[in-house]
Amino acid sequence: MDFQPILDLLEKNGQGHVLDHIRRLSPEKREVFCRNLSALNLPLAFRLYQNFSRQKGSGTHLPNIEPASIIPTSRTPEEIQRRQEAIRLGESLIRGNQIAVLIVAGGQGTRLGFAGPKGFFPISPVKKKPLFQLFAESIQALSARYRARIPLLVMTSRENREETEAFFRSRGFFGLGKDQIHFFSQGMLPTLTPGGKLILGDETSLLANPEGHGGSLKALHESGLAGRLKGQGISEIFYCQVDNPLVKIADPAFIGYHRQEGADISTKVVRRQNLEEKVGIYGMVNGKPAIIEYSDFSPEDYRSLDENGSIRYWAGNIAIHVISLSFVDRLNREGFALPYHRAVKEIEGLGPGGRSEKMAGLKFESFLFDSIPLAQKSCCMEVVREEEFAPVKNQTGIDSPETARGAMTNLFRRWLEGAGVQVAPGVQVEVSPLFALDQEELADKLKGKKVVVGEDSYFG
């Protein structure tokens, strides 16, 4: 490879310290370093730094924020009928092999005190199945129910891709066909100092960070995977993040509402638990649907109540979407359309003396929800938190393995008790997706059987 253009780019952008480092390397290490450089989008990073540097400070309160129209949980006869129609439509799309599932899984389990990618984390209450296994078994069960072939797309980071693929191989792809699973990596951008300098990560590479979950739509396109899926007849992508074990994978009702509305992108939301819960809100900004960060509200608006005394801005984003492949294509047709955000975080890199040290770093990321205002039409569906949202983010406390396992056990307990099973207080219960995907299927499996659960039990 001819690395001179990269070296010229470094010199043009005042990165003499990196050029000096390259000159000190042996020829073999110099080539490795330059190859690693070429894998990063340096022009984009420099351009983003310049753009943010030119921006003047502005207030954080966004104008004209209003609640959005959201499909509620079904209560009235009309709502129940519409939901049934949506389910039938969603099921027909699954049977027609038009649906793929995308799991964003680039993160590590660092905050969980877990060594390895987060998807490896053992989460189920009885069998301690890893997150990846729960999702794969759901896809296997859905494929059997609808006699469909549902591709599983796993977006990794470059750091954990090899480890993730090896994990799936070692577990026999959790019962899925090897050619049913597609791994791809999100892009990386170099991390900069507040003064715009690149940071050495080690002797042969710069410090870099993933482009953010919005980069999944860019990586789908650039990897060629979106085009291949479209060629196979796939029209919609069910999207979720790897840290939520309660995700209802490829939910037919959600897919059906998405298609009914003719949406480019659809979103699931849950009701805020209280006025203090800090979460992105699905609402209207200047007349367009969007996810609004809680910090973009005034404190008064964020805590405001409606005429019924309920939380006015209640629709909390849980990062579950259905996205049309045609929309992915449109977002990438003339360069990636999503904006980038800048975050200042404490990072660890090599300082001027070549020693590892902590410092402030600028990271540039794109967020998937920023695509919502770019859609010609979008759709939003309310779901029950206790049935579909129990993220695993922290080692202890809120959103921890303990709270997620508790939510799973409580959900399965309600399923079992709804099926006439007596469950003793305090026991852990787990229902495999391969045994039952929902309460109705579980009740059908146990029909006519007298079951009493007096100890930790697994239904598989």
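If you go through segment 127-136 one residue at a time, do you hit one that is over 22 Å from R228 (Cα atoms), at pLDDT below 95 and in contact with a Lys or Arg (Cβ under 8 Å, 6 or more places away or on another chain)?
Checked against the condition, which is being over 22 Å from R228 (Cα atoms), at pLDDT below 95 and in contact with a Lys or Arg (Cβ under 8 Å, 6 or more places away or on another chain), segment 127-136 yields no hits at all.
Just the residues that are over 25 Å from the mean Cα position of the chain (by Cα) and among the β-branched types (V, I, T), please, taken from segment 76-92.
Residues satisfying the conditions are T76, I80.
Residue by residue through segment 421-460, note down the ones that are in contact with a helix residue (DSSP H, G or I) (Cβ under 7 Å, 6 or more places away or on another chain) and assigned to a loop (DSSP other than H, G, I, E, B).
V421, Q428, S432, P433, L434, F435, A436, L437 - these are the residues of segment 421-460 that are in contact with a helix residue (DSSP H, G or I) (Cβ under 7 Å, 6 or more places away or on another chain) and assigned to a loop (DSSP other than H, G, I, E, B).
From the set of residues in segment 164-190 that are modelled with pLDDT under 95 and in a loop (DSSP other than H, G, I, E, B), which is farthest from L40 (Cα to Cα)?
G177
Restricting to segment 224-250, count the residues that are assigned to a loop (DSSP other than H, G, I, E, B) and without any contact (Cβ under 8 Å) to a residue 12 or more places away in the chain.
Of the residues in segment 224-250, 1 are assigned to a loop (DSSP other than H, G, I, E, B) and without any contact (Cβ under 8 Å) to a residue 12 or more places away in the chain.
Restricting to segment 1-37, what's the tally of residues that are polar (S, T, N, Q) and exposed (fewer than 13 other Cβ atoms within 10 Å of the Cβ)?
Selection size over segment 1-37: 2.
Tell me, please, whether a residue that is in contact (Cβ under 8 Å) with a residue 60 or more places away in the chain and either surrounded by fewer than 20 Cβ atoms within 10 Å (Cβ to Cβ) or under 23 Å from the mean Cα position of the chain (by Cα) (or both) can be found in segment 415-426.
Among the residues of segment 415-426, not one is in contact (Cβ under 8 Å) with a residue 60 or more places away in the chain and either surrounded by fewer than 20 Cβ atoms within 10 Å (Cβ to Cβ) or under 23 Å from the mean Cα position of the chain (by Cα) (or both), which makes the answer no.
Just to check your reading of the model, which residue among A290, A319, A253, A315 is in contact with a Lys or Arg (Cβ under 7 Å, 6 or more places away or on another chain), among the small types (G, A, S), in the same structural domain as A144 (by TED's automatic domain parsing) and touching a residue at least 24 places away in the same chain (Cβ under 8 Å)?
Of A290, A319, A253, A315, the one residue that is in contact with a Lys or Arg (Cβ under 7 Å, 6 or more places away or on another chain), among the small types (G, A, S), in the same structural domain as A144 (by TED's automatic domain parsing) and touching a residue at least 24 places away in the same chain (Cβ under 8 Å) is A253.
Being of a type in the set (S, T, Y) and either closer than 10 Å to A100 by Cβ or within 17 Å of the chain's Cα centre (by Cα) (or both) is the filter here; which residues of segment 215-233 pass it?
Passing the criteria: only S216.
Taking into account only those residues within segment 266-300 that are among the small types (G, A, S) and surrounded by 16 or more Cβ atoms within 10 Å (Cβ to Cβ), which is farthest from the chain's Cα centre (by Cα)?
Per the stated criteria, the residue is G283.
For M359, state whether it is under 19 Å from the mean Cα position of the chain (by Cα) and part of a strand (DSSP E or B).
Against the criterion (under 19 Å from the mean Cα position of the chain (by Cα) and part of a strand (DSSP E or B)), M359 does not qualify.
With the requirement that a residue be part of a strand (DSSP E or B) and over 15 Å from P194 (Cβ atoms), what does segment 331-356 give you?
R333, G335, H341, E348, L350, S356
Restricting attention to segment 144-161, does a residue exist that is in a helix (DSSP H, G or I), of a type in the set (S, T, Y) and within 25 Å of E222 (Cα to Cα)?
Taking every residue of segment 144-161 in turn, none turns out to be in a helix (DSSP H, G or I), of a type in the set (S, T, Y) and within 25 Å of E222 (Cα to Cα).
Please verify whether R95 is assigned by TED's automatic domain parsing to the domain that holds V383 and within 27 Å of the chain's Cα centre (by Cα), treating the condition exactly as stated.
yes
Output yes when any residue across segment 165-185 is touching a Pro at 6+ places or on another chain (Cβ under 7 Å) and of a type outside the set (A, V, I, L, M), and no when none is.
So far as segment 165-185 goes, yes, one or more of its residues are touching a Pro at 6+ places or on another chain (Cβ under 7 Å) and of a type outside the set (A, V, I, L, M).
The values are calculated or read from the model by the stated rules, or taken from the named source; none is laboratory data. Quick caveat: nothing in here was measured; it's all calculated off a predicted structure. Cβ atoms come from the backbone with ideal geometry, glycine included; neighbour counts cover every protein chain shown.
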